[in-house]
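Inspection log for the structure reproduced underneath, given as structure tokens.
The values are calculated or read from the model by the stated rules, or taken from the named source; none is laboratory data. Source: prediction; values computed, not measured. As a convention, Cβ positions derive from the backbone with ideal geometry for all residues, glycine included, and neighbour counts pool all protein chains shown. Accessible surface is based on the protein model in full, side chains and every heavy atom, while ligands, DNA and RNA are left aside. Shrake-Rupley method; radii C 1.70, N 1.55, O 1.52, S 1.80 Å.
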Amino acid sequence: MRRIRKAAKKILPSVLWVIGLIVCFIPALFMVNPAGYFPLLAYLFATLVSGLYLLGLRKSLEWEEGGGTATVRRGTRQSFGLVLHNRGPLVYPSLKVRLRLSDLFGGTDSTLETEMALVPFERRQMDMNISFTHIGDYTVSVDRVSIGDLIGLFKRTGDGGAAHGVQVLPHIWRIYSFPLSHQVNNENPLARQSSDREGMDYVGVREYAQGDPIKSIHWKLSAHTLSYMTKQMTTIGMTGLAVVIDLYSSREEAEARMELYDALVEGTCALCAYALKNHLDHELFYFDRDGMRKTRAFQREEELDRLAADLPKVVPDKHDYPVEQLLHRCAVDLYGKNNVALVTSEVTTETIELLTRIHLRGRYPSLLFVLPKGLTELEEAEALAPLRSLDAYRIPWFAYSDPAELEGGSMA
């Protein structure tokens, strides 16, 4: 439907010109003297003059774009400067300038068009305010400049100039409280038997719980007690917070993926800012744009602004950036943080099992879950259903769709 309206708008001037031509030809049909042809001749003459006038305008226009790379915070507006200069003695009756704003994936996110007229030798400064609603690197450029003739029949279109970069930074939301434990499972002095798992020590047994790996079952004792018993392991943990960000999303729509990206990145930044504010030792685990596994700690909040530049875009293939590897590392790392927070928009059975396993190994996992916007109550309930199994282990989780919900939020 949109294409039909666009095509109709394009051919409308030609249709109106033909109608005008027919109307001007009517007097010639009913009048026997040459005066009946005057309206038709005048109409054709005006058309010719208008076309020639447009040819005279094509060399007189210059424009200058505001250059450089701008840095803005998500949700704010940035002024894009453009100077138009009419160097000739003719009036520009119709001048349309269209700006193009790219999206996170290189496509066109939006366009902004303005129309004006320029008198002879006029130099006009234009400031177009553009709102940047998503995190990432974007480009703003003059996409097209259209010059119209006197009667609106003819039009000349020229391409714009170079694109200018805009880096949109994440908004830093302030979490009021977050469930953290300051207890650490230090190495038990009675434990002398080293396990075959990295960073884990055998300190006793307990009854089997869902999520325990098969290889941790104490088979001899299980046969003796006639119930499954699990070797109880512990680590040399350290007080602090490990944050894991999962950028995988099965959503295909570009706008939905950009909204999820905003919520994931800003949720991660909110957790790191909370750790900085409360002087907590913290680490961020993620895959960079090259697919390399990285660990990063922040000394100042300003460093969070550069995080998005190192993160990949929303990942369509989970196998390219397996967050399970990051969670496993947090679970088995000998000197890992005792609190582990996962920020994700996709929760699988494997994700739940890993969080449960981290809990059973004596650490304190939590989950920030990003819901897509626009879900119905039934769809939201279905999306949250897998998270209910975490309640049995008292693993805290928090679901949100708009990052603004994090501001002043209490997740304890």
Can ILE130 be described as of a type in the set (A, V, I, L, M, F, W, C) and in contact with a helix residue (DSSP H, G or I) (Cβ under 9 Å, 6 or more places away or on another chain)? no
Selection from the stretch 261-277 of residues open to solvent by less than 10 Å² (accessible area, probe 1.4 Å) and either of a type in the set (S, T, N, Q) or touching a helix residue (DSSP H, G or I) at 6+ places or on another chain (Cβ under 7 Å) (or both) yields ASP262, ALA263, VAL265, GLU266, GLY267, THR268, CYS269, ALA270, CYS272, ALA273
GLY136: passes all of (1) open to solvent by less than 20 Å² (accessible area, probe 1.4 Å); (2) of a type outside the set (Ser, Thr, Tyr); (3) more than 27 Å from ARG306 (Cβ to Cβ) but (3)
Review point. Is one or more of the residues making up the stretch 300-320 within 15 Å of ILE245 (Cα to Cα) and at pLDDT 90 or above?
Key: yes
Taking the stretch 205-243 and the residues there that are in a loop (DSSP other than H, G, I, E, B) and small (Gly, Ala, Ser), the one that is modelled with the highest pLDDT would be SER227
LYS96 meets each of (1) in a strand (DSSP E or B); (2) open to solvent by less than 20 Å² (accessible area, probe 1.4 Å); (3) modelled with pLDDT of 85 or more with one exception, condition (2)
Conditions (1) surrounded by fewer than 16 Cβ atoms within 10 Å (Cβ to Cβ); (2) under 22 Å from SER401 (Cα atoms); (3) touching a residue at least 24 places away in the same chain (Cβ under 8 Å) -> ASP288 fails only (2)
Going through the stretch 152-162 in order, the residues found to be open to solvent by 60 Å² or more (accessible area, probe 1.4 Å) and either modelled with pLDDT under 70 or part of a loop (DSSP other than H, G, I, E, B) (or both) are PHE154, ALA162
Flagged in the stretch 9-32 as surrounded by 10 or more Cβ atoms within 10 Å (Cβ to Cβ) and basic (Lys, Arg), in numbering order, are LYS10
Residues of the stretch 345-385 being under 19 Å from the mean Cα position of the chain (by Cα), open to solvent by less than 60 Å² (accessible area, probe 1.4 Å) and among the charged types (D, E, K, R), in sequence order, are GLU346
Note on GLY51: of the conditions (1) under 42 Å from the mean Cα position of the chain (by Cα); (2) open to solvent by less than 60 Å² (accessible area, probe 1.4 Å); (3) not aromatic (Phe, Trp, Tyr), unmet is (1)
Of the conditions (1) in contact (Cβ under 8 Å) with a residue 60 or more places away in the chain; (2) small (Gly, Ala, Ser); (3) surrounded by fewer than 21 Cβ atoms within 10 Å (Cβ to Cβ), the single one that ALA341 does not satisfy is (3)
Screening LEU264, LEU276 for residues that are in contact with a His (Cβ under 8 Å, 6 or more places away or on another chain) and in a helix (DSSP H, G or I) leaves only LEU276
Determine if the stretch 305-326 includes at least one residue that is in contact with a Gly (Cβ under 6 Å, 6 or more places away or on another chain) and either crowded, with 21+ Cβ neighbours inside 10 Å or polar (S, T, N, Q) (or both).
no
Residue hits (the stretch 306-331; touching a helix residue (DSSP H, G or I) at 6+ places or on another chain (Cβ under 9 Å) and within 22 Å of HIS171 (Cβ to Cβ)) are LEU307, ALA308, LEU311, PRO312, LYS313, VAL314
Any hit, the stretch 334-342, residues being aromatic (Phe, Trp, Tyr) and more than 19 Å from ILE245 (Cα to Cα): yes
Going through (1) surrounded by 12 or more Cβ atoms within 10 Å (Cβ to Cβ); (2) part of a helix (DSSP H, G or I); (3) in contact with a Pro (Cβ under 9 Å, 6 or more places away or on another chain) one by one, ALA35 fails only at (1)
Those residues of the stretch 67-93 which are open to solvent by less than 50 Å² (accessible area, probe 1.4 Å), of a type in the set (A, V, I, L, M, F, W, C), at pLDDT 85 or above and closer than 30 Å to SER50 by Cα amount to VAL83, LEU84
Filter the stretch 348-405 for residues that are touching a residue at least 60 places away in the same chain (Cβ under 8 Å) and among the aromatic types (Phe, Trp, Tyr); the one that is farthest from VAL314 (Cα to Cα) is TYR364
